[in-house]
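The values are calculated or read from the model by the stated rules, or taken from the named source; none is laboratory data. Note that the structure is a prediction, hence the values are computed from the model and not measured. Heads up, the Cβs are rebuilt from the backbone with ideal geometry, glycines too, and the neighbour counts pull from every protein chain shown.
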Amino acid sequence: MRRILFSVVFLSSYCFSQETDSLDLNQSKKMDSVKIQNKKEIKTKDIDDVVITGTIKPMSKSKSPVAVEIYSQKFFQKNPTPNVFEAIAMVNGVKPQLNCSVCNTGDIHINGLEGPYTMILIDGMPIVSSLSTVYGLSGIPNSLIDRIEVVKGPASSLYGSEAMGGVINIITKNALTAPKLSVDLMTTSWAENNFDLSTKFNFGKNVASILSLNYFNFNEKIDQNNDNFTDAALQNRISVFNKWNFQRKENRLASFALRYLYEDRFGGEMQWNKFYRGSNEVYGESIYTNRVEAFGVYQWPMKESVITQFSYNFHNQNSFYGSNPFTATQKVAFAQTYWDKKLGNHDLILGATFKKTFYDDNTPGTSSSDGLLNEPMKSPIFGAFIQDQWEINEKHTLLLGYRFDYDKIHHSVHSPRFAWKFSPNPYHTLRLNFGTGFRVVNLFTEDHAALTGSREVVIKSNLKPERSVNGNLNYMWKIPVGGRMMNLDASAFYTYFSNKIVGDFDSEPDKIIYDNLQGYGVSRGLSLNLDYNFSFPLSVNFGVTYLDVYQKFDGENEKVQQLHAPKWSGTYSLTYKFPSNLTIDFTGQFYGPMRLPVLPNDYRPEYSPFYSLANIQVSKSFKSGFEVYCGIKNLFNFTPNDPLMRPFDPFDKNVNDPINNPNHYTFDTTYGYAPMQRIRGFFGVKYNLQ
């Protein structure tokens, strides 16, 4: 592996670049001839993909009144990773946040909003929510991905209360068009081993099934910062996925998929083994996860376009955080039927939904008010929505949407939506989106800090549902440069929260106090993406996001900045292709200072430094279908300092020592803001048989 690493360093000195066609290869491509002001004609590829996430129905990206970003599996392969959680960092404005420096679980932030405000869909179904928001994201392998669609901003009128900050829709491969055989083997100098195997079976001309297996194993205890804790969590994970696609008359939709996930994850002291699981002798965070998912879609055989979508997931977790047990079971059933009707210039969608959630754990979150009985949450939610997309003319499109949900606890919930697209010519497009959000919090499933470390969790009052008002303004400009198109995509966004639920880490150092915010919260900012393909085989993509995320308390003038929300962040990606099918990719992310949870008189800084996580890859493809790739991750060798407080006393046995601990510091895992893995090499081999 060392030889591989040195060879990659040598090859990387040639050139770097990124291919910016983060688009589905199966979508239509149009060659247009456009005129610039000096009357010269240039030819450009105007790739107009079909998107579904913004409006629930397939439509061309250029006509969608909702701004949707599309990223293909090929885009994420520029920096190969074993799961979606790590891969999504390549998207500007989307940040995978590690919530624990010990077990390395996390969630996904969009435009500075915490993970629970992001809805994760698989094939349009709300598969990832609540318990799996924190504990299931790393179990989605990249091998399932056909493409990912990202909507930043309000989407509650279509997808319900959890889509307050945005939607990430993971669209899986179509068995009818998938390769007959696909194999991907990758390892790193840290002995992180990932294996993907996918094969397709045809049953006649109209039925196909894809069977996919992902296995990830990392079993090396590494402690390069010498704090006696593992720098990266050990993981043993297997995911099995089976999907069936059916070719029907008039291209009616029909598919069904099943997935099973098992993961054994551990992070903790270097001398820990399973004998110490749950003990107070050697600290370890051990998490066993079993998960089953089923989802599908069926278009009814009738003249009208009536489509039913359905999903079910079962999630069981058995875990210990030190000596603190956390066991939980969640079952979610979801069904949705909608009618899609074209009436002149209007595209009308009318639908109804039903969602039934069962959730039980061993925390006070599912106990009776007197604390004597266990009361699992059983919450059926009925919903109905209507959406009208009105193409007024070639320049103007208006979308109006409304959703009504009802449950026995919160009763009626109203979620209106508005979107407007103005495109005076093929070069300029302006989109304005507005909507409201509503969210019911499952505290112990969504906030990892409530379970780890030694802080006492205090719920100050009966938590009320959160509400928000969201707005997003998006501008896209295609600029003719040197006979090609430069694409500029800029957005301004604003979200106002009432009843926001926040964890107070500051008032009392040994507690986390949860309560509805007596005031309001705001998330606002700007983002910019720029990509360009040069006339020679170099393509560049650069994105930057500015965030101002804060809470303001009643009667106080001072703004309190949100934890783990950097003011500045961005992505960069360059790709250079040599004639001999040799490609070099240079990718990365950068983050500005972010506020961190410090204790009174803390010796650690309150704000993190500016840092960048860069990666380089060299790949070579062959006509036989093989591809070999290798590279370096974390090229600048950045890791945070002091991610753990008092790692030598994780059970706080000597926390009251007035001489050695006069400030009464306690063991704490919440300070970490970046991965602890230092520079490392990787090597992999792929094979595809069409």
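Tabulated results
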read-out: Output for the stretch 341-385, where each listed residue is within 24 Å of Tyr312 (Cα to Cα) and charged (D, E, K, R); value: Lys355, Lys356, Asp360, Asp361, Glu375, Lys378
read-out: Sole exception among (1) closer than 30 Å to Ala674 by Cα; (2) within 22 Å of the chain's Cα centre (by Cα); (3) among the aromatic types (Phe, Trp, Tyr) for Phe241, by number; value: (1)
read-out: Complete set of residues in the stretch 198-217 that are in a strand (DSSP E or B) and touching a residue at least 40 places away in the same chain (Cβ under 8 Å); value: Ser198, Val207, Ser212, Asn214, Phe216
read-out: Selected residue [assigned to a strand (DSSP E or B) and either at pLDDT 65 or above or not charged (D, E, K, R) (or both)] from Thr495, Thr452; value: Thr495
read-out: Selection count, the stretch 306-354, where residues are free of Cβ contacts under 8 Å to residues at least 12 places away in the same chain and either under 30 Å from Tyr283 (Cα atoms) or part of a strand (DSSP E or B) (or both); value: 2
read-out: Residue that is farthest from Met270 (Cα to Cα), among those in the stretch 642-690 that are surrounded by fewer than 15 Cβ atoms within 10 Å (Cβ to Cβ) and in contact (Cβ under 8 Å) with a residue 60 or more places away in the chain; value: Gln690
read-out: First in the stretch 270-295 and touching a residue at least 40 places away in the same chain (Cβ under 8 Å), second anywhere and in a loop (DSSP other than H, G, I, E, B) and among the hydroxyl-bearing types (Ser, Thr, Tyr), Cβ under 7 Å, 6 or more apart; value: Met270/Thr230; Gly278/Ser323; Ser279/Ser323; Asn280/Ser323; Glu285/Thr452
read-out: Failed condition for Asn83, given (1) over 10 Å from the mean Cα position of the chain (by Cα); (2) modelled with pLDDT under 85; value: (2)
read-out: Test result for Asn226, closer than 19 Å to Thr172 by Cα and either under 22 Å from the mean Cα position of the chain (by Cα) or at pLDDT below 95 (or both); value: no
read-out: Residue match in the stretch 631-638 (condition: surrounded by 22 or more Cβ atoms within 10 Å (Cβ to Cβ), farther than 18 Å from Ala233 by Cα, in contact with an Asp or Glu (Cβ under 7 Å, 6 or more places away or on another chain) and modelled with pLDDT of 95 or more); value: no
read-out: Those residues of the stretch 319-333 which are on the phi < 0 side of the Ramachandran plot and either crowded, with 16+ Cβ neighbours inside 10 Å or touching an Asp or Glu at 6+ places or on another chain (Cβ under 8 Å) (or both), in sequence order; value: Ser319, Phe320, Tyr321, Asn324, Phe326, Thr327, Ala328, Thr329, Gln330, Lys331, Val332, Ala333
read-out: Residue list for the stretch 240-276, restricted to those being acidic (Asp, Glu) and loosely packed, with under 14 Cβ neighbours inside 10 Å; value: Glu250
